[in-house]
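> This is the structure, below, for whatever I ask next.
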Amino acid sequence: MTKKFIKYVLQSVAAMVGLSVYILADTFFISIYSGADGLAVLNLILPVYGVIYGIGSMIGIGSATKYGIKKASGEDTDCYFLQSVQWSILASIPFLLTGIFIPEKFLLLFGADNRLTELGTGYLRIILMAAPLFMTNYTFTAFARNDNAPSTAMAGSISGSLFNIVFDYLFMFRLNLGFPGAALATALSPVVTMAVCSTHYLGKKNGIVFQWKRPSIRHVFSCCQLGVSAFVGEMSSAVTTVIFNTLILGIAGNIGVAAYGIIANISVVAMSIFNGVAQGVQPLISESYGSENQKQVNNLLRKGLLVCLMTELLIISCIWGMTDLLVRIFNSTNDALLYEYAFIGLRYYFLGFLFAGVNILLVAYFSATDNARIAFIGSIMRGAVAIVICAVVLSKLFLLKGIWLSFLAAELITFMVIVITAVTQTGKNKHKN
């Protein structure tokens, strides 16, 4: 099981990092193309990605998790894949219609002025119209991992990211499509990922049955309960970004938002590592839980926590050791104020990863063991409640520094709540028995 654990975690981390690298590529190319204004627009649009990815992951990962548990216990799972695809497409329709008719309203809602709205409307229109691809992509990768094909899911994610990076450059600069060119490359990358994953589904080792059934609300609700941790994990970045953007605009204006754009996009890569660990361990925990092997479940949890703790320390050390280099890479115009904000922000903000990785793994663990209540509480705390309260309170006390430190405060509170809730529930269960 140790070799299988290492294989699943490494391949899942590689897949998630590969998926997030294209966001950094977007940030880099856009910073060259339009400087601080481009970074500000991209950061205002970032919450849209969070909402789309959040819904897609809740349906796709939740369905795949349920599939893994039911399959291990010998129950019928024939309709799970196509149900997940159907609901992903249905859930994407509001985004598709918004992209066609009123993308500029989203930018204005998120605080963009007229200049930033004009710059970002074309980009956002393409991203919203590609929502069906982004959402369905989660189903293809999650089911591949739960069908003993994590290497295929990894290859698909990395292939999609490489496509995005290369075509970012080609569309933006060689074909002179500018900002919308970056969006077009991003929109097409899930097609590449799903095409690679399809090699498993069409191959001899595929264990998934594609049985058609009319979309069932009861079925998708049951699956989404186990996908809520993935949903809130993705949504947390969206909620955090919206709150931070609103507070930062009032304190430091567009330059402050641009600085947060650098921080947020680098943090996406760090967050993807922990999401990769969680998603790599999840199929193994679900399988062990479904076969009632509690000893193996506990062993997998211990290994996952150890990996997260070591990775947290490594990431923080790297950020503090390379802060100057990271800021300069994305500050193509050498803006002194942008450098100052981003330098301090990176160091303070990334202290939150002392607890973030462990929290992500704990939430995934409770979801994989069919304990939706604790998973939901942990997810909603770190994704909305704690981060909003901490950001608002600390920004009043310490202005911009308080906003950077609010991520650390929120993750610490979330960790305490998860532990207390889990201990309390365990005590109640023992009392009942």
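The values are calculated or read from the model by the stated rules, or taken from the named source; none is laboratory data. This is a predicted model, so every value here is computed, not measured. Positions of Cβ are generated from backbone atoms using ideal geometry, with glycine treated the same way; all protein chains shown enter the neighbour counts. The accessibility values were calculated without ligands, DNA or RNA, using every heavy atom of the protein model including side chains. Shrake-Rupley method; radii C 1.70, N 1.55, O 1.52, S 1.80 Å.
> Open to solvent by less than 30 Å² (accessible area, probe 1.4 Å) and in a loop (DSSP other than H, G, I, E, B): is that true of Ala112 in this structure? Break it down into steps so the answer makes sense when it comes.
On the way: open to solvent by less than 30 Å² (accessible area, probe 1.4 Å): yes; in a loop (DSSP other than H, G, I, E, B): yes.
So Ala112 passes the test.
> Please verify whether the stretch 350-358 includes one or more residues that are open to solvent by less than 10 Å² (accessible area, probe 1.4 Å), in a helix (DSSP H, G or I) and either in contact with a Gly (Cβ under 7 Å, 6 or more places away or on another chain) or among the charged types (D, E, K, R) (or both).
At the first step, the residues of the stretch 350-358 found to be open to solvent by less than 10 Å² (accessible area, probe 1.4 Å) are 350, 352-353, 356-357.
In the following step, the residues that additionally are in a helix (DSSP H, G or I) were identified as 350, 352-353, 356-357.
Next, only the ones that are either in contact with a Gly (Cβ under 7 Å, 6 or more places away or on another chain) or among the charged types (D, E, K, R) (or both) stay: none.
There is no residue in the stretch 350-358 that is open to solvent by less than 10 Å² (accessible area, probe 1.4 Å), in a helix (DSSP H, G or I) and either in contact with a Gly (Cβ under 7 Å, 6 or more places away or on another chain) or among the charged types (D, E, K, R) (or both).
> In the stretch 370-393, is there at least one residue being in contact with a Gly (Cβ under 6 Å, 6 or more places away or on another chain), assigned to a helix (DSSP H, G or I) and at pLDDT 90 or above? Step through it out loud before you land on a result.
Within the stretch 370-393, the first condition is being in contact with a Gly (Cβ under 6 Å, 6 or more places away or on another chain), and the residues that meet it are none.
No.
> Determine whether the stretch 81-98 contains at least one residue that is aromatic (Phe, Trp, Tyr) and open to solvent by 20 Å² or more (accessible area, probe 1.4 Å). I'd like the intermediate steps shown before the answer.
Of all residues in the stretch 81-98, those aromatic (Phe, Trp, Tyr) come to 81, 87, 95.
Cutting the leftovers down to open to solvent by 20 Å² or more (accessible area, probe 1.4 Å) gives us 87, 95.
Within the stretch 81-98 (the criterion being aromatic (Phe, Trp, Tyr) and open to solvent by 20 Å² or more (accessible area, probe 1.4 Å)), the answer is yes, since at least one residue qualifies.
> Are any of the residues in the stretch 241-258 open to solvent by 10 Å² or more (accessible area, probe 1.4 Å) and either closer than 25 Å to Lys3 by Cα or of a type in the set (Ser, Thr, Tyr) (or both)?
Filtering the stretch 241-258 down to residues open to solvent by 10 Å² or more (accessible area, probe 1.4 Å) leaves 242-243, 246-247, 249-255.
Those left that are additionally either closer than 25 Å to Lys3 by Cα or of a type in the set (Ser, Thr, Tyr) (or both): 246.
Yes: the stretch 241-258 contains one or more residues that are open to solvent by 10 Å² or more (accessible area, probe 1.4 Å) and either closer than 25 Å to Lys3 by Cα or of a type in the set (Ser, Thr, Tyr) (or both).
> Moving on to the next point. Just give me the residues in the stretch 150-179 being modelled with pLDDT of 90 or more, more than 23 Å from the chain's Cα centre (by Cα) and open to solvent by less than 50 Å² (accessible area, probe 1.4 Å), in sequence order.
Hits for the stretch 150-179 are Phe171, Met172.
> Filter the stretch 279-304 down to the residues that are of a type outside the set (A, V, I, L, M), surrounded by 15 or more Cβ atoms within 10 Å (Cβ to Cβ) and more than 20 Å from the chain's Cα centre (by Cα) and list them by number. Please lay out each step first, then the result.
First pass over the stretch 279-304, keeping only residues of a type outside the set (A, V, I, L, M): 279-280, 282-283, 286-296, 298-299, 302-304.
From what's left, surrounded by 15 or more Cβ atoms within 10 Å (Cβ to Cβ): 279-280, 282-283, 286-290, 293, 296, 299, 303-304.
Scanning the stretch 279-304 gives Ser286, Glu287, Ser288, Tyr289, Gly290, Asn293, Gln296, Asn299, Lys303.
> Continuing with the same structure: Which numbered condition trips up Trp404, out of (1) under 21 Å from the mean Cα position of the chain (by Cα); (2) open to solvent by 70 Å² or more (accessible area, probe 1.4 Å); (3) among the aromatic types (Phe, Trp, Tyr)?
(2)
> Whether any residue in the stretch 117-124 is aromatic (Phe, Trp, Tyr) and at pLDDT 90 or above is what I want to check. Don't jump to the end; show me each part of the working.
So the first thing to find is which residues in the stretch 117-124 are aromatic (Phe, Trp, Tyr), and the list is 123.
Filter once more, so that each one left must be at pLDDT 90 or above: 123.
For the stretch 117-124, residues aromatic (Phe, Trp, Tyr) and at pLDDT 90 or above: present.
> Would the stretch 208-218 turn up any residue that is assigned to a helix (DSSP H, G or I) and hydrophobic (A, V, I, L, M, F, W, C)?
Taking the stretch 208-218 first, the residues assigned to a helix (DSSP H, G or I) are 217-218.
Next cut, hydrophobic (A, V, I, L, M, F, W, C) only: 217.
Among the residues of the stretch 208-218, at least one is assigned to a helix (DSSP H, G or I) and hydrophobic (A, V, I, L, M, F, W, C), which makes the answer yes.
> Given the options Ala195, Ala182, Ala230, Ala238, name the one that is modelled with pLDDT of 85 or more, among the small types (Gly, Ala, Ser), part of a helix (DSSP H, G or I) and open to solvent by less than 40 Å² (accessible area, probe 1.4 Å). Break it down stepwise before answering.
Working: Ala195 fails: open to solvent by less than 40 Å² (accessible area, probe 1.4 Å); Ala230 fails: modelled with pLDDT of 85 or more; Ala238 fails: modelled with pLDDT of 85 or more.
On inspection, the qualifying residue turns out to be Ala182.
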